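Please read the structure below before turning to the comments.
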């Protein structure tokens with residue numbers, strides 16, 4: 001029995017499970033334990049006052065944070081899902097000028113940190129922002145900086161989740177179902193409402209859940225708008241609890257508990273809605289969807305698409321670009337200048353130091369994350385490990401849990417006095433940022449590598465094993481060469497995401513150890529909008545250049561035909 005459970009074939013599985021528990025599950029469990037036993041991580045063993053959980057409805061800031069998070073989450077879920085699903089349906093059915101631009105915008109919004117998008121909207125809609133100064137639209141400020149306005153802004157940054165979920169579900173179609181409805185007298189709208197839409201419920205629910213989880217856990221938007229508009233949410237109030245004097249661990253623990261609870265409820269609603277229904281309608285008559293040119297209204301589709309792209313991407317990215325090269329001259333208007341870029345590196349500016357620190361952290365996270373993700377994917381694809389399902393679930397948890405909650409857990413776990421005696425007291429050191437970045441990158445790395453690994457037949461590894469090749473050699477000589485391109489892509493995806501991770505770095509960055517997102521956010525809080533915009537574009541440009549250079553250096557090249 002012992003040999004079967006801990007035999008060589010399962011060693012990798014147990015190792016991977018232990019690493020995932022340490023990086024992801026243990027910090028999240030610590031957040032819940034802190035509520036039940038508030039002093040346990042600081043040497044005090046006493047049962048917590050569970051009535052503190054109900055104080056969220058009594059204390060004004062706590063209650064307002066929960067209320068704002070629910071307003072933002074529910075509103076964004078409804079509007080973002082409708083927008084994303086509608087655009088995906090139109091894009092899958094019709095071809096029109098500018099349709100490719102929509103696809104590019106979706107991916108741009110997905111990979112861009114939310115605080116940069118929110119920062120662009122602040123630059124555009126502030127009282128003396130670009131809308132008022134350049135276009136004379138004074139009404140934009142009062143329209144955007146309201147709960148409804150913030151829902152609108154967040155919906156236009158989160159709709160890509162619903163767009164991709166529904167677009168993927170529409171890749172294949174069975175026309176005979178719709179044709180039967182039309183032959184029975186149903187209009188196009190009736191057929192869509194009674195036949196097509198019900199069959200797409202899994203995609204709609206999945207997209208809505210992704211939108212909701214990303215919206216309620218978003219730290220970037222409240223962090224950016226705090227400079228001009230007070231709208232506390234659970235993630236931002238958790239961050240504030242750690243940077244007040246004295247530190248409010250009770251507040252951080254309770255609010256983190258409610259944030260995790262909201263995400264768990266969202267996932268439960270999806271599982272409950274789908275568990276008793278069947279949606280498997282594809283058969284041998286299914287054909288791949290091919291967008292066709294509309295018989296009429298093509299110009300309207302192109303115009304609406306251009307408007308949506310302008311709102312979703314043009315406003316935030318255009319505002320950052322314009323603000324980085326302009327300055328206000330009072331009543332004389334605006335003049336173009338590059339002084340903001342010159343200020344970035346003047347007198348040993350903090351940007352170069354912050355950028356260097358972020359690149360170091362991201363590089364470490366990419367290398368360690370690639371190794372961990374590779375082993376996780378191997379266990380999921382080839383191993384007979386009995387707890388593979390647990391490995392799969394844990395590897396996805398950090399995708400759903402907000403970075404601020406993960407950061408809180410890391411403080412509780414890695415700020416123990418006994419760790420100092422063995423040299424593992426990581427709180428207050430850059431190493432903790434690397435570990436947190438690895439935890440956040442594991443879901444992306446694992447999904448990329450698992451998809452690529454599924455194409456490599458198990459028989460190749462079995463044949464090498466029968467010839468006496470040990471485990472390490474099989475990985476080194478078979479899997480790594482075949483997965484080189486996917487491994488580079490996964491590592492670079494982790495690298496790019498780690499550089500601009502504002503949530504965890506804002507909570508965990510050591511004293512006098514600035515990172516790029518913290519530098520940008522602090523400049524924004526100090527109302528140095530031009531400097532923040534220039535830092536954003538400069539840092540983003542450096543990261544993109546590094547990614548392109550790494551792809552050229554390390555990705556396999558096609559040989560001559």
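Take 12, 190, 515 and order them by how many other Cβ atoms sit within 10 Å, fewest up front. Can you show the working numbers first?
Working: 12 18, 190 13, 515 31.
Starting with the residue having the fewest Cβ neighbours, the order is 190, 12, 515.
Obtain the nm distance between the two label points defined at residue 550 and residue 58 by a simple spin-label model: each point lies 7 Å from its Cα along the Cα-to-C-beta direction.
Simple spin-label model gives 5.0 nm for this pair.
What is the extension gain from residue 272 to residue 293, computed as 0.36 nm multiplied by their sequence separation minus the C-alpha to C-alpha distance, in nm to one decimal?
Values: separation 21, 0.36 × 21 = 7.56 nm, distance 3.88 nm.
So the chain would gain 3.7 nm between residue 272 and residue 293.
In nm, what is the difference between 0.36 nm times the number of residues separating residue 230 and residue 127 and their Cα-Cα distance?
Details: separation 103, 0.36 × 103 = 37.08 nm, distance 1.44 nm.
35.6 nm is the gain from fully extending residue 230 to residue 127.
To two decimal places, what compactness ratio does the stretch 198-274 give when its Cα radius of gyration is scaled by 2.2 N^0.38 Å? Spell out each step's value before the answer.
Numbers: Rg = 15.5 Å, N = 77, 2.2 N^0.38 = 11.5 Å.
In units of the 2.2 N^0.38 Å rule of thumb, it is 1.36.
Computed on alpha carbon atoms, what radius of gyration and Dmax characterise the stretch 453-514, expressed in Å?
18.6, 55
For the pair residue 139 and residue 190, what calculated FRET efficiency results from E = 1/(1 + (r/R0)^6), where r is the Cβ-Cβ distance and R0 = 41 Å, to the nearest 0.05?
Details: r = 40 Å, r/R0 = 0.97.
That gives a FRET efficiency of 0.55.
Taking 0.36 nm per residue of sequence separation and subtracting the Cα-Cα distance, how much length would be gained by fully extending the chain between residue 356 and residue 95, in nm to one decimal? Walk me through the intermediate numbers first.
Numbers: separation 261, 0.36 × 261 = 93.96 nm, distance 4.42 nm.
Value of the extension gain: 89.5 nm.
Viscosity 0.692 mPa s, temperature 37 °C: give me the Stokes-Einstein translational D for the stretch 368-457 in µm²/s, with Rh taken as the Kirkwood radius over C-alpha pairs. Please list the in-between numbers first.
Working: Rh = 14.4 Å.
Value of D from the Cα-based Kirkwood radius: 228 µm²/s.
Scale the Cα Rg of the stretch 103-175 by the rule-of-thumb value 2.2 N^0.38 Å and send over the ratio, two decimals.
1.42
On a C-alpha basis, how far is the centre of the stretch 462-518 from the centre of the stretch 199-230 in Å? Whole number, if you could?
27
If packing is taken as the mean number of other Cβ atoms within 10 Å per residue, what is the order of 385-394, 251-260, highest first? If you can, show how the numbers build up before the last one.
Values: 385-394: 16.2, 251-260: 24.2.
In decreasing order of mean packing, 385-394, 251-260 become 251-260, 385-394.
May I ask you to sort 340, 141 by Cβ crowding, counting other Cβ atoms within 10 Å and putting the fewest first? Numbers along the way, then the final one.
On the way: 340 23, 141 20.
Final ranking by Cβ density, sparse to dense: 141, 340.
Show me 142-155, 435-448 ranked by packing, highest mean number of other Cβ atoms within 10 Å first.
Working: 142-155: 18.8, 435-448: 24.9.
Most protected by this proxy first, the peptides run 435-448, 142-155.
To make sure I understand, if each residue's beta carbon is the centre and we count other beta carbons within 10 Å, what order do 520, 263 fall in, fewest to most? Write out the running numbers ahead of the final one.
Values: 520 29, 263 21.
Fewest-to-most ranking of 520, 263: 263, 520.
Bear in mind these aren't lab numbers, they're just calculated from the coordinates by the rules spelled out. Predicted model, so just to flag it, every value in this text is computed and none were measured. Cβ sites come from the backbone with ideal geometry, for glycine too, and all protein chains shown count toward neighbours.
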